[in-house]
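One structure is given here, and the rest of the page talks about it.
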Amino acid sequence: MIPPAARAAIAAHLTDDLDVHPHLATLVVASLADRLAAEGWHITDTPPARPVAPRAREEGRTHRGLARRLFPRRTWTNGDPS
């Protein structure tokens, strides 16, 4: 899928650079876009999401797990904190 603005920009470049008639340029761009879509190509205006490393996602969990092992919670006997 090619956004309409991209189709118009490509058609304008065909018209300006190659002296193609505007209607013919629009038809050529539509035909090329359909062929690319049939082959599985997708041109979008949204950037792809950045991949996140698995360690970066789990860092908070590992620190918490390590802290639990190193510093277990204090248990109070008879409700007395001292």
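The values are calculated or read from the model by the stated rules, or taken from the named source; none is laboratory data. None of these values were measured; they are calculated from a predicted model. Because the Cβ atoms are built from the backbone with ideal geometry, glycine has one as well, and the counts that use them run over all protein chains shown.
Which members of the stretch 35-49 meet the condition of being surrounded by 11 or more Cβ atoms within 10 Å (Cβ to Cβ) and within 18 Å of A8 (Cβ to Cβ)?
Answer for the stretch 35-49, where residues must be surrounded by 11 or more Cβ atoms within 10 Å (Cβ to Cβ) and within 18 Å of A8 (Cβ to Cβ): L36, A37, I43.
Can we say P72 is modelled with pLDDT under 85, over 30 Å from P4 (Cβ atoms) and in a loop (DSSP other than H, G, I, E, B)?
Here the answer is yes, as P72 does meet what is asked.
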